[in-house]
1. With the condition kept exactly as written, say whether any residue in the range 5-22 is more than 16 Å from the chain's Cα centre (by Cα) and either at pLDDT 95 or above or within 23 Å of residue 118 (Cα to Cα) (or both).
2. Among the residues of the range 85-95 satisfying the criterion of being touching a strand residue (DSSP E or B) at 6+ places or on another chain (Cβ under 8 Å) and farther than 27 Å from residue 141 by Cα, which is surrounded by the most Cβ atoms within 10 Å (Cβ to Cβ)?
3. Output the number of residues of the range 72-114 satisfying the condition of being touching a residue at least 60 places away in the same chain (Cβ under 8 Å) and under 13 Å from residue 53 (Cβ atoms).
4. Could you tell me whether the range 96-115 includes any residue that is part of a strand (DSSP E or B), surrounded by fewer than 16 Cβ atoms within 10 Å (Cβ to Cβ) and within 13 Å of the ligand (Cβ to nearest atom)?
5. Quick one: how many residues across the range 64-95 are within 12 Å of the ligand (Cβ to nearest atom), farther than 11 Å from residue 124 by Cα and outside any loop (DSSP other than H, G, I, E, B)?
Ligand SMILES: [Cu+2]
């Protein structure tokens with residue numbers, strides 16, 4: 001993380017220098033680039049972070065962050081929104097300090113849970129079909 005912060009500082013500094021030399025016309029470029037940089041670094045993830053879980057309607061289960069498959073997420077507290085599209089599946093998240101059934105088997109619909117993720121590997125699964133491969137993992141760093 002210190003490396004990323006240093007890179008952000010370096011980029012910001014370089015842009016500030018460029019803006020000084022290039023006149024006022026480049027000011028819009030500067031703000032766009034800074035926004036992209038902060039988005040890529042992911043921020044502190046301690047507030048208003050969100051994960052999306054989805055299970056069903058077929059034998060599939062997944063967890064997404066920012067619309068993409070979650071493979072590596074930062075430790076912190078998340079609002080986990082689970083969309084359970086079938087009454088034969090559930091959504092269960094297991095990992096360091098956590099063992100949370102967000103939706104039960106007969107339930108179908110959307111449920112939200114607040115989860116605190118610590119460093120390690122987390123497994124999300126549908127309990128009745130986990131042995132058949134209806135599960136996945138992501139890393140918390
Ligand atoms: Cu299932």
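1. The answer is yes; a qualifying residue exists.
2. 89
3. Residues in the range 72-114 being touching a residue at least 60 places away in the same chain (Cβ under 8 Å) and under 13 Å from residue 53 (Cβ atoms): 1 in total.
4. yes
5. Within the range 64-95, residues that are within 12 Å of the ligand (Cβ to nearest atom), farther than 11 Å from residue 124 by Cα and outside any loop (DSSP other than H, G, I, E, B) number 1.
The values are calculated or read from the model by the stated rules, or taken from the named source; none is laboratory data. Source: prediction; values computed, not measured. With ideal geometry, Cβ positions are generated from the backbone for all residues, glycine too; neighbour counts draw on all protein chains shown.
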